[in-house]
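Enquirer: Starting off with a structure, shown below.
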């Protein structure tokens, strides 16, 4: 299975904000694309749709990106350039990124690049601040404001411009980016209009009828989702009304540090994953049930709970999936006085997290605040956030008194199982497998499956294979995709994936292609589609790493190493890239270089004992035993129960003649894993070298009690007799 590393994906415009030249992409099925509709700006739509235009103008969408010339005349001094730090040269902004609650100057750089400056302007407080806070990002790092991780062409523009085309040249590492207009204009959501639309005498149509989704609630939401979700682009040609999963890979709460184990947003995650994980999203609630797409405001106030009560007033509105929303009396339910902050539904069920220092965003998972999960797993809860003067135990007691057994819900079971899997605990597989049968939310089922993948070679492997195989036929593409990724890690199951190369959804097809890349015939539709995907993000280190990994899987190791070398140079602080580079160097027989890459990866993952173990084994293979021992010691320091690391450390110590140290390490390995026969056997060999025949005999007998036909242990017994 390929290592699916996350990667996101102008020519200066004139005063009107329109690119001087646009190279049209391949036409959509209807023969029209947003990027090719260069004459259809929001201004031309205004001629017939004045109320909609006026509602949109001045919103965060309309002002998502602006040429500097479009900034109000009263503000040129603080909109044109950030303050200069001592010893630095001034950077002059060419464009402005964003509107509220902050603006970032976009500074032109060589190669057609624009970079959003780390110093942003707050238009309300009218001051400058650093979007990274106290975090020290240094020039040359991927995440520094001048680095690729903050490149506007790759990371920002496709969600801040209309009809944007990246136009990256991988050979010269330059951009010739183009667009139709600045900001999110009409056709970015509605699509280009048909011939004759707007002609004299033609009838106007409601906004929901004027787009390819034509009233389809799911497709409406999937038109919002590309820019309101944390995701990876699978293509660069999403059109309004397209299927989201044909163009994007959604990020689920699998990797630690991105989401909290209960699904709450943690890193900069935006909203749509949370909606798909939620009961409300599963019931069919969509963005436009709550948000007006033109004004960007909620359709009803939140302060008096009117927004939520449109569904949760008695008897409860029937949702699109047929379920009835639970009727709620805000005062009785919240136990807070009417009109208070604690009485507002959003305060408890949609808590805010600040991003970029001054951009608070509501969580969209509509979860229960649960102080017990705060105590157990460090997951924030709205009670403790509001009542910061009280202890978490006070919050637990209060919540238990008010809500009792209702708190012991699936939310807790999910969070505990996900947290166990993310930290590699032995009980995780059983917990996730127990949750799967009753889980009715596809996004959670996909999450469980992905978290089960590392356990597929363990004792629960057959059950995991069976669950994943069953999910290959799931209705939801997220679940099918997850099942493919699980079975891709299990060689005997890979033949099951061949039919998925023809899946109707591109996300699933690409995952199957990752697993079966070596079988894809040159020039086949599957190979062409997969190669097109691999070419999308070659401006980013993760994209280079993906291409390199596929080349390695196909035996083209020298080409693979060149791609990983470039990726490593572009982002020296990515442990995944360092690891992948190390694997390819190891396959090329360049063991010492491989070991250095593995050790660098271990340094970048301070709590990862396995990373240190990989470095230790690579140094040993290269014959550099002191460095190998340092790495083994790092592994057991990080995880004192890591039996395999203690065992290998003991072997190395025995090899270098330090028999007392070897005995201690091997005894520790046996203590941590008393059912592994090799550990007492290795101890027996060292004890025999120390002339401790009785100790060797006892250790050999312990090995034989575990594995009666262990050849080495039998030989030890024969020797000591």
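Enquirer: In Å³ and rounded to a whole number, note down the convex hull volume per residue for the Cα atoms of the chain. Working shown, then result.
Expert: Numbers: hull volume 144.9 nm³, N = 721.
Normalising the Cα hull of the chain by residue number yields 201 Å³.
Enquirer: Determine the equivalent ellipsoid of the range 304-449 by diagonalising the alpha-carbon gyration tensor, then write out the semi-axes as square roots of 5 times the eigenvalues, largest first, rounded to whole Å.
Expert: 27, 21, 16
Enquirer: R0 = 51 Å: FRET efficiency of residue 324 with residue 715, Cβ-based, nearest 0.05?
Expert: That gives a FRET efficiency of 0.10.
Enquirer: Oh, and also: I need 686, 392, 71 ordered by Cβ neighbour count within 10 Å, fewest first.
Expert: If I rank by nearby Cβ atoms, fewest first, I get 392, 71, 686.
Enquirer: Using only the alpha-carbon atoms of the range 113-170, report the extent along each of the three principal axes, biggest first, to the nearest angstrom.
Expert: On the principal axes, the range 113-170 reaches 37, 29, 13 Å in Cα extent.
Enquirer: Order by neighbour count: 451, 119, 666, fewest other Cβ atoms within 10 Å first, most last.
Expert: Ranked by crowding around the Cβ, least crowded first: 119, 451, 666.
Enquirer: Continuing with the same structure: Using the Cα atoms as the points, what is the convex hull volume per residue of the range 560-719 in Å³?
Expert: Spread over its residues, the Cα hull of the range 560-719 gives 109 Å³ apiece.
Enquirer: Another question about this same structure. I'd like the distance separating the alpha-carbon centroids of the range 651-716 and the range 425-456, in whole Å.
Expert: Centre-to-centre distance over Cα atoms comes out at 38 Å.
Enquirer: In square nanometres and to one decimal, what's the mean projected area of the convex hull around the Cα atoms of the range 398-459? If you can, show how the numbers build up before the last one.
Expert: On the way: hull surface 19.9 nm².
Its Cα hull, projected and averaged over all orientations, spans 5.0 nm².
Enquirer: Across every pair of different alpha-carbon atoms, what Kirkwood hydrodynamic radius in Å does the range 553-645 reach? List each step's numbers first, then the result.
Expert: Values: mean 1/r = 0.0763 Å⁻¹.
Mean inverse Cα-Cα distance, inverted, gives 13.1 Å.
Enquirer: Which of the peptides 178-185, 352-359 is most tightly packed, and how do the rest follow, judged by the mean count of other Cβ atoms within 10 Å per residue?
Expert: 178-185, 352-359
Enquirer: Assuming 0.36 nm per residue, please report the length gained on full extension of the stretch residue 660 to residue 357 beyond their Cα-Cα distance. Write out the running numbers ahead of the final one.
Expert: On the way: separation 303, 0.36 × 303 = 109.08 nm, distance 5.46 nm.
So the chain would gain 103.6 nm between residue 660 and residue 357.
Enquirer: Stick to Cα atoms and the Kirkwood definition of Rh, then tell me Rg/Rh for the range 414-533.
Expert: Ratio of gyration radius to Kirkwood radius: 1.00.
Enquirer: Quick one: Kirkwood hydrodynamic radius for the range 640-721, alpha-carbon pairs, angstrom, one decimal?
Expert: When all Cα pairs of the range 640-721 are included, the Kirkwood radius is 12.1 Å.
Enquirer: So, in nm, how far is label residue 332 from label residue 388 when the simple model puts each one 7 Å beyond its Cα toward the Cβ?
Expert: Taking the two extended label points, one gets 3.4 nm.
Enquirer: Mean separation of Cα pairs under 8 Å and 6+ residues apart, divided by the residue count of the range 640-721: what relative contact order is that in percent?
Expert: So the answer I get is 23 percent.
Enquirer: Suppose R0 equals 60 Å; then what is the FRET efficiency for residue 398 and residue 235 from their Cβ-Cβ distance, rounded to the nearest 0.05?
Expert: My answer for the efficiency is 0.75.
Enquirer: Counting pairs of alpha carbon atoms under 8 Å apart in space and at least six apart in sequence, what relative contact order in percent does the range 42-198 give?
Expert: Relative contact order here is 19 percent.
Enquirer: In addition: Based on Cα positions only, what radius of gyration and what Dmax would you give for the range 42-198, in angstroms?
Expert: When restricted to Cα atoms, the range 42-198 yields Rg and Dmax of 17.0, 58 Å.
Enquirer: Quick one: check the C-alpha center-to-center distance for the range 322-397 versus the range 107-162, whole angstrom.
Expert: Using only Cα atoms to place each centre, the spacing works out to 32 Å.
Enquirer: Then there is this: Quick one: order 155, 150 by neighbouring beta-carbon count within 10 Å, fewest to most. Let's see the in-between values first.
Expert: Values: 155 18, 150 23.
If I rank by nearby Cβ atoms, fewest first, I get 155, 150.
Enquirer: Roughly how many Å is it from the Cα centre of the range 30-72 to that of the range 529-579, as a whole number?
Expert: Between the Cα centres of the range 30-72 and the range 529-579 lies a distance of 38 Å.
We did not get these values from a lab; they are worked out from the coordinates using the rules stated. Please read all numbers here as calculations on a predicted model, not as lab measurements. Positions of Cβ are generated from backbone atoms using ideal geometry, with glycine treated the same way; all protein chains shown enter the neighbour counts.
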